[in-house]
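Enquirer: First, the structure itself, so that you have it in front of you.
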Amino acid sequence: YFLDKSEKYDSRDVERLQQDDKWVENYLIWRHDVVDDTLKMIDESFQWRKEYTVNDLSESVLPKWLFEIGALFLHGYDKEGYKLFWFKVKHHTRDPKQQLDKKKLVAFWLEHYAKRDHGKPLTVVFDMAETGISHIDLDFVRFIVNCFTDYYPNFLTKIVIFEMPWIMNAAFKIVKGWLGPDAISMLKFTNKSDVQEYISAEYLPPHMGGTDSFKYSYPPLVDDDFQTPLCENGPITSEDEHESKEEIDADTKEAGELNEAQNLNQKKMNSIEQISKSEETDKTEVKPKNAKKALTTFKGPLLHISPAEELYFGSKETGEKKCLIVLTNVTKNVVAFKVRTTAPEKYRVKPSNSSCEPGTSLDIIVSLHGGFAASLQDRFLIMAAEMDQSSGAGVPELTQFWKEVPRTKVMEHRLRCHVIESSKPSSLTLKDNAFNIPAKTNEDLHIQLTHLLQINRRLEEQMNQCLWFQQLSVVLSLLSVTVAAFCFYLAYAQRS
């Protein structure tokens, strides 16, 4: 495939395929471990990715009005913690001249999310309220379906269709034919009375029976995970308004004391031996001594971040309320960082706004307030940017720095929350100053379940084959007995 068609692929995709085992595994899972089918899917998706210049899609290359109408966007999570990809059908109209740009918009959103959240699966929501015949565009719907069935492997959890008009029943019978048996089971037809089986009210708009007050607008690009998305010149200046004065004063004190602690931490990579003085005096905090090295690490251009993807908290039964994030500066300059969360009322992050010296590691303690519990929908955003050697690292300098730093120079990395139901917490849950073995993530369980379903399907096929051979054997046996009896009869008749 690759030797014959290399000119039809983007070299960046080929390079990623050779390095990213997870990507290869997703292709194999989606094609039930059938290698020939997997190769065919990779071939088709790679040619499509080059045709649509997926790796180079950005806001600047697409018409601005596409983002402004709000027909497609990412917002909120379903009850399993998967991101929701909304398609507001009432905002879509058929126009052959605009079709290619609209398809590229779909590819832009999918690629934007895949790079941001490392390919964690999506739930697609077709909001068909207030729609009719004029909004039916089977070619566009087929393209969206193909994106998940042919181009983005193992990327779809389910398709929630809200209030589909009866007049579109015939159209969706055609759509079912495109999906195939595996994807058909992912279709969920809902209305106002049952949509909350899949999506909680906090992420549903009022017309769907929910309480979400979110209103789509552009710019900036929708990033509703965090209350203060980045503007063109960096974070907006009022981004800390939701914090109380007491928390701001505490962060100021911590930032000053942190600089003193960092001088003692020189050249101690990934160590957890020093904590800021404010944490030493806080009786509610736990000092993570002799902690094990994180099992996973995100290697960014400015910071290495452990863990790479998920923070593990305990459930109400297990009671673990603290997690550790380790930042390691891999540059030759001071790196300023800022930690944000989608649920500021639930979490305390110490330090949340500070800097890291070249070649050193820094520990960030994430703790839950009083009676709050972690949720799969909760997210954390770590923003980092290099500072000039001449710049100070105090609170006033950091505040001014974040106002002026260009968006293009800010590194971003997101972390999800994972709630451990068992009594054994993860390696990144702090309890009794120790780390334990991590529980399996939802993705791991999903992969294992998919493998089990594949094995079950193969066993069913083998059983069906065995039953078919058994029936064939019985028929042949009966036929043999009949022929033998007939031969005996002829022989007896001739003797007579």
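The values are calculated or read from the model by the stated rules, or taken from the named source; none is laboratory data. Source: prediction; values computed, not measured. In this analysis, Cβ positions are derived from the backbone assuming ideal geometry, glycine residues included, and neighbour counts consider all displayed protein chains. Ligands, DNA and RNA are excluded from the accessible area calculation, which covers all protein heavy atoms including side chains. Shrake-Rupley method; radii C 1.70, N 1.55, O 1.52, S 1.80 Å.
Enquirer: Taking only protein heavy atoms into account and a 1.4 Å probe, give the accessible area per residue of region 11-52 in Å².
Expert: Values: 2320 Å² over 42 residues.
Accessible area per residue, region 11-52: 55 Å².
Enquirer: Rounded to the nearest percent, how much of the accessible area of region 57-208 (1.4 Å probe, protein heavy atoms only) is carbon and sulfur? Intermediate results must be reported in sequence, preceding the final value.
Expert: Values: 3290 of 6110 Å².
Its accessible area is 54 percent carbon and sulfur atoms.
Enquirer: Related question: Heavy atoms only, probe 1.4 Å: what % of the accessible area of region 298-419 goes to carbon and sulfur, would you let me know? Mind dumping the intermediate values first?
Expert: Numbers: 2120 of 4240 Å².
For region 298-419, the apolar C and S fraction of the accessible surface comes to 50 percent.
Enquirer: For every other residue with a beta carbon closer than 9 angstrom to the beta carbon of V366, add +1 if it is Lys or Arg and -1 if Asp or Glu, then tell me the sum. Spell out each step's value before the answer.
Expert: On the way: positive: K322, R348, K350; negative: none.
Every neighbour counted, the sum reads +3.
Enquirer: A further question on this structure: If we sort 152-163, 93-104 on the protection proxy, mean other Cβ atoms within 10 Å, highest first, what's the order?
Expert: Ranked by mean Cβ neighbours within 10 Å, highest first: 152-163, 93-104.
Enquirer: Same structure again: I'd like to compare 51-62, 27-38, 80-91, 349-360: which one has the highest average count of other Cβ atoms within 10 Å, and what's the full order after that?
Expert: So the peptides 51-62, 27-38, 80-91, 349-360, ranked by packing, come out 349-360, 80-91, 27-38, 51-62.
Enquirer: Compute the separation of the alpha-carbon centres of region 1-74 and region 197-211 and state it in Å as a whole number.
Expert: 32
Enquirer: Just check region 57-208 against the gyration tensor rule for me: Cα atoms, a ≥ b ≥ c as the square roots of the eigenvalues, rounded for a/c under 1.5, and otherwise prolate or oblate depending on whether a/b exceeds b/c.
Expert: Since a/c stays below 1.5, the shape of region 57-208 is classed as rounded.
Enquirer: Would region 1-72 count as rounded, prolate or oblate if I go by the C-alpha gyration tensor, calling it rounded below 1.5 in a/c and otherwise prolate when a/b exceeds b/c, oblate otherwise? Provide the component values of the computation, followed by the final result.
Expert: Numbers: a/c = 2.53, a/b = 1.80, b/c = 1.41.
It is prolate, given that a/c is not under 1.5 and a/b is the larger ratio.
Enquirer: Cα-Cα over 20 Å: which of K50/K103; K103/K215; K22/K409?
Expert: K103/K215; K22/K409, as the Cα separations exceed 20 Å there.
Enquirer: I'd like the distance between the alpha-carbon centres of region 298-371 and region 122-152, rounded to an integer number of Å.
Expert: For region 298-371 versus region 122-152, the Cα centre distance is 38 Å.
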